[in-house]
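Beneath this line is the structure, given in C-alpha cells, with notes to follow.
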Amino acid sequence: MDETYLFFDIESANNYDGEGHICSFGYALCDKNLSIIESEDIVMNPRSEFDPILFSGRAKCTLAYPREYFLSHPDFSFHYERIKNLLTAPGRKNIGFAVENDISFLVSACKNFSLPQIDFSAYDLHVIADRMNDSHNGLSAWLKFYGVDTSALQAHKSSDDAIMTMMLMQKLCEAKGMKVKEFLDENLSALHTVEQEITRRKIKAYRKAMVEKISMLYHRRNRSAKSKKLHGKFKLALSAERDFGQMYDLHRLVFDNGGELVQKLCPDCTFVYEDNKDRAAWMDDPKFKRVRFIKLSKLFSMLDMEPWPMQKIDISALI
C-alpha cells in the first residue's frame with residue numbers, strides 16, 4: 001500500500017487556560033507525489049469564547065471567517081470520528097507546521113469532550129526547515145524564502161495553511177533531492193506523538209504541584225523544626241534535571257532544620273547550588289559580597305548528613 005500524506009492545520013478560538021479550543025481543522029490529503037486528493041476546512045463551534053483580538057485585524061493570526069460562522073457549525077464531538085479516521089488511516093503520514101501546538105489542541109479537545117484520545121503522530125516541518133537552513137522562521141517566511149507564490153491562499157484558513165505546508169514540503173524535498181518518503185525517514189527526530197504531549201502535561205502538572213508546595217515554605221520559620229543546625233536565609237538553585245519531588249524534599253530539609261527559605265537572593269543569605277556546577281563569575285560581583293555561596297554537599301555537611309544522590313523524573317511513573 002502506498003503511503004498517503006495528510007497535511008493539516010488547526011485554528012483555536014483562544015488559549016486562555018493554556019489549552020486550545022478548536023474552531024477549524026483544515027487538511028490537504030496527498031498521494032506519494034504530493035498531488036492533492038482532497039482538501040477541506042472543517043469548521044466547528046469551539047464551545048468556548050473567542051479571543052476578540054482574532055477578529056480585530058491587529059493580531060498576527062486573524063481568523064478566516066466571522067465569529068457567527070464558526071458558531072453556526074457543530075462542535076468537535078460531531079467531527080471526531082472523521083478527524084480520527086483522517087489521522088489514523090492505514091499507510092497515513094501526518095505532517096504539519098509547528099505541529100506540537102496542533103497535537104496539543106487535539107489532546108485538549110478529546111479531554112474537554114470526554115472522548116478517547118486519538119493515537120497518532122505527525123512530522124513538524126517547522127523544525128525541519130529551521131534545521132536545514134540554520135535559521136528560525138514562520139510558515140509564510142519560509143515559503144517566501146523558497147519563492148513560493150501563495151497569493152491565491154489565505155493565511156490562517158486551516159485548509160489553505162495545510163496546502164501551504166504541503167508546498168513547503170515540496171521545496172524541502174527538492175532542496176535535498178529526495179522523495180517524500182525518503183525525506184521523512186531522514187527526519188524521524190521531527191516526529192511528534194500524542195503520547196509525548198500527554199506526558200508533557202503530566203510533567204507540567206507534577207512540577208506545578210511541587211512548586212506550589214515549595215512556595216508554601218518561603219519566608220516562614222518552622223516553629224517545630226527538628227533541629228537548629230541552620231541559621232538565616234537560604235536560596236536553593238537546583239538542577240532542572242532533578243525530580244520535582246526531591247526538589248521539594250531538599251527545600252523541606254532546610255525548613256525542618258531551622259533555615260528560612262527565600263525566593264530571591266538577598267543580603268546575608270546563603271545561596272546553595274549543585275555540586276556539578278562551577279562557581280559562576282557573577283558570584284564574585286561586589287554587590288553580592290554579603291551573600292554566602294555554598295555547594296549542596298556543604299549543606300549536607302552542615303546537617304551531618306550524607307549527600308543525597310540526584311533523582312531524576314521517572315517518566316514511567318507519570319504515564
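The values are calculated or read from the model by the stated rules, or taken from the named source; none is laboratory data. Here the structure is a predicted model, which is why all the values come from computation and not from measurement. Neighbour counts are summed over all protein chains in view; Cβ atoms, including those assigned to glycine, are modelled from backbone coordinates with ideal geometry. Quick note on the areas: whole protein, heavy atoms, side chains included, nothing else; ligands and nucleic acids left out. Shrake-Rupley method; radii C 1.70, N 1.55, O 1.52, S 1.80 Å.
Structure above, values below:
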| read-out | value |
| --- | --- |
| FRET efficiency for D249 and K32, using Cβ-Cβ distance with R0 set to 51 Å, rounded to 0.05 | 0.40 |
| Segment 110-223 - Kirkwood radius from inverse mean 1/r over Cα pairs (Å) | 17.6 |
| Inter-label distance, nm, simple model (7 Å from Cα along the C-beta direction), N15/K295 | 4.1 |
| Projected area, mean over directions - segment 199-319, Cα convex hull, nm² | 8.1 |
| Which listed pairs, of K235/K287; K84/K111; K228/K277; K93/K202; K202/K277, have C-alpha distances above 18 Å, in listed order | K228/K277; K93/K202; K202/K277 |
| Residue-span extension gain [W282 to Y218] - 0.36 nm each, minus C-alpha spacing | 20.6 nm |
| 222 nm mean residue ellipticity, helices alone, for the chain (DSSP H n ≥ 4; -39,500 (n - 2.57); rounded to 500) | -11000 deg cm²/dmol |
| Dimensions (Å) - segment 1-149, Cα atoms, principal axes, largest first | 39, 38, 25 |
| Efficiency of FRET between K179 and E40 - r from beta-carbon atoms, R0 22 angstrom, step 0.05 | 0.25 |
| Linear extension gain, K144 paired with H231, 0.36 nm per residue minus alpha-carbon span | 25.2 nm |
| Electrostatic dipole magnitude of the chain [Cβ: Lys, Arg +1; Asp, Glu -1; Cα centre; debye, to 20] | 2260 |
| Charge dipole of the chain about the Cα centre (unit charges at C-beta), most positive-ward option of N133, L299, T88 | L299 |
| Overall Cα dimensions of segment 91-148 - principal axes, largest extent first, Å | 43, 25, 20 |
| DSSP-loop trypsin sites (Lys or Arg not before Pro) across segment 9-66, with at most 15 other Cβ within 10 angstrom | K32, R58, K60 |
| Solvent accessible area, Å² - R92, 1.4 Å probe, full protein context | 50 |
| Qualifying aspartates and glutamates (Cα of each under 18 Å from Cα of K157; at least 8 residues distant if same chain) | D9, E11, E38, E40, D41, D51, E68, D75, D102, D149 |
| Stokes-Einstein D in µm²/s, Kirkwood radius over Cα pairs - the chain at 10 °C with 1.306 mPa s viscosity | 68 |
